[in-house]
Amino acid sequence: MLKKLFGKKALNQVQLVGTDTKFEVGRNKTVLESALENGIAFPHDCTVGTCGTCRSKLLSGKVDAITPFGYTLSREELEAGFILACQAVPESDLEIAVDLGSAEAPVKTAARLVATRELTHDILEATWQTDEPIGFRAGQYMNITWPGAQGPRSYSFSCAPQDGGQTRLTTYIRKVPGGAFTERLFGEDLSQVEFEIEAPHGGFWLRDGEGPIVLIGGGSGLSPLMSLLEDAVAKGVKRDAILLFGARAERDLYCLDEIAAIGERWQGRFEFWPVLSEEDVAGRRSGMVTTALDEAIGILGGAGSLQGYLCGPPPMIDAGVAELTKAGVAIDDIHYDKFTDASTAS
Ligand SMILES: Cc1cc2nc3c(=O)[nH]c(=O)nc-3n(C[C@H](O)[C@H](O)[C@H](O)COP(=O)(O)OP(=O)(O)OC[C@H]3O[C@@H](n4cnc5c(N)ncnc54)[C@H](O)[C@@H]3O)c2cc1C
Ligand code: FES
């Protein structure tokens, strides 16, 4: 009342639905900025509206978008009420649903690259040794910098997490032509470089449930899916699963033995479908990986309780989200990490 009399509008409040967490958003601040100022482990990474990590669902209220959410979120997500908290300035009190499942604060630690293993002609496995142990959920990623780096690079862990954290971590990394970091990684000896790793980040992990799962990876997008599957096997998860992997040609397939080993230990139906987009090979599916989704969903018993997990290039994710929702999978049951880079952001 007093505020009204003196012409001062009260600050907008954000309620995180399903939790006791409520916070005020400062004038002209974004939901994410104020959440972080209030010590809330709100999922985020780029803070500029490109990675999608801060994706959350607006259940009530109105926000203004600094940059349109549609640059990063799909039509299906926008229609379902998703926003990007890092670009959302409240115009009223808000109710927001967000998965704070990994409230673990990221650790910053020095790290060295201790080994590399060639997986394909343009993807390698990098093994990192950190000074401090890092705890993470299977599917999450790290941010890495080095002296003189222009901003961090993100890489998803391919290894399964260990209780209490670990100091040895693996990632699958694809060479990006013209890329500042990956060109060096594939061309130089980086064993003497002092890197800094900050982790964990991201909201990509296996959600609870008993229904089937469909996983889609493209290129190095297999990295977090391997972590997630290894972890699920170790925990005795018993859900039917189909792993689709999109590659251009036979030479782009990798980890076939590791995937077969997961299949042998998986408690439920497990199928692995490589899909080649630029080569016809007897016994392999061909076309864009997302076109195989309908068949996979049918085999898994329909869209009803199915969850989708996607990782890799942004266009593959967008096509996958569109196919999954068209088939009837609820948008809330679709989880992804888009492997954006400097060219996406620009
Ligand atoms: C959440 C997340 C997880 C990821 N996980 C993985 C992973 O597990 N494995 C993996 O391989 N990758 C992953 N990535 C991608 C990774 O972080 C890097 O973006 C990628 O490795 C490229 O880094 P780079 O330094 O080599 O290339 P960059 O220097 O970032 O350049 C990338 C491309 O953009 C071009 N470019 C540079 N600047 C501009 C500009 N201003 N305008 C237009 N184009 C430009 C470059 O020529 C190059 O072709 C992930 C990304 C995200 C967001
Ligand atoms: S943190 Fe909001 S889109 Fe990256």
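Taking every DSSP beta bridge that has both residues in the chain, what percent is antiparallel when rounded to the nearest 5?
Counting DSSP beta bridges with both partners in the chain, the antiparallel share is about 60 percent.
For the chain, what D do you get in µm² per second when you plug the Kirkwood radius from alpha-carbon pairs into Stokes-Einstein at 20 °C and 1.002 mPa s?
The diffusion coefficient I find is 101 µm²/s.
Just give me a number: lysine pairs in the chain, eight or more positions apart or cross-chain, with C-alpha atoms less than 17 Å apart.
Final tally of qualifying lysine pairs is 7.
How do 266, 146, 128 rank when sorted from fewest to most other Cβ atoms within 10 Å of their own Cβ?
Least crowded to most crowded, the residues run 146, 266, 128.
Taking the 0 to 90 degree range and rounding to the nearest ten, how far is the long axis of helix 314-326 tilted relative to the main principal axis of the chain, both from C-alpha atoms?
80
Test of understanding: ordering 255, 46, 54 by Cβ neighbours within 10 Å, fewest first, what list do you get?
Final ranking by Cβ density, sparse to dense: 46, 255, 54.
Run the Debye formula on the Cα coordinates of the stretch 148-298, all scatterers equal and no solvent, and tell me log10 I(q)/I(0) at q = 0.12 1/Å.
-0.60
Considering the stretch 210-280, what Rg and Dmax in Å follow from its alpha-carbon atoms?
Looking at the stretch 210-280, its Cα Rg and Dmax stand at 12.1, 37 Å.
Express in nm, to one decimal, how much length is gained between residue 163 and residue 131 on full extension, taking 0.36 nm for each residue of separation and deducting their alpha carbon distance.
Contour length minus Cα-Cα distance gives 9.8 nm.
Return a whole-number percent for the relative contact order of the stretch 2-97, with Cα pairs under 8 Å and 6 or more residues apart as the contact set.
Relative contact order for the stretch 2-97 comes out at 35 percent.
Report, to the nearest 10°, how far helix 222-234 tilts away from the longest principal axis of the Cα atoms in the chain, using its own Cα long axis and a range of 0 to 90°.
For 222-234 against the chain, the angle is about 90 degrees.
Helix 256-265 versus the longest principal axis of the chain: what is the Cα-based angle in degrees, 0 to 90, to the nearest 10?
The two axes meet at around 80 degrees.
Taking H placed 1.01 Å from N in the peptide plane, check which residues at least 5 places from residue 44 or on another chain put their amide H under 5 Å from its amide H.
Amide H neighbours of residue 44, under 5 Å, 5+ apart: 202.
Kindly provide the helix-only [θ] at 222 nm of the chain, computed as the sum of -39,500 (n - 2.57) over DSSP H runs of four or more divided by all residues, to the nearest 500 deg cm²/dmol?
About -5500 deg cm²/dmol.
Subtracting the Cα-Cα distance from 0.36 nm times the residue separation, let me have the gained length for residue 150 to residue 48 in nm, one decimal.
Gain on stretching residue 150 to residue 48: 35.2 nm.
How high is the relative contact order of the chain? Use alpha-carbon pairs under 8 Å, at least six apart in sequence, and give a whole percent.
14 percent.
In debye, nearest 20: dipole of the chain around its Cα centre with unit charges on the Cβ of K, R (+) and D, E (-)?
For this selection, approximately 940 debye.
Determine, for each peptide in 309-316, 224-231, the mean count of other beta carbons within 10 angstrom over its residues, then list the peptides with the highest first.
The densest-packed peptide leads the list: 224-231, 309-316.
Can you give me the C-alpha center-to-center distance between the stretch 281-346 and the stretch 153-179, rounded to a whole angstrom?
Result: 22 Å between the Cα centres.
Residue 121 versus residue 330, label points 7 Å from Cα toward the beta carbon: distance in nm?
Each label point lies 7 Å from its Cα, and together they span 4.5 nm.
Charges at C-beta only: +1 for Lys and Arg, -1 for Asp and Glu. How large is the resulting dipole of the stretch 213-340 about its Cα centre, in Debye rounded to 20?
220
When the convex hull of the Cα atoms of the stretch 107-201 is projected onto a plane and the area is averaged over all directions, what value comes out in nm²?
5.7
Along the positive direction of the dipole of the chain (beta-carbon charges: Lys, Arg +1; Asp, Glu -1; about the Cα centre), which of 225, 25, 206 reaches farthest?
My answer, from the dipole projection, is 25.
No value in this document is a laboratory result; all are computed from the given coordinates. Because the structure is a prediction, the values reported are computed rather than measured. Using ideal geometry, Cβ is built from the backbone for each residue, glycine included, and neighbour counts are taken over all protein chains shown.
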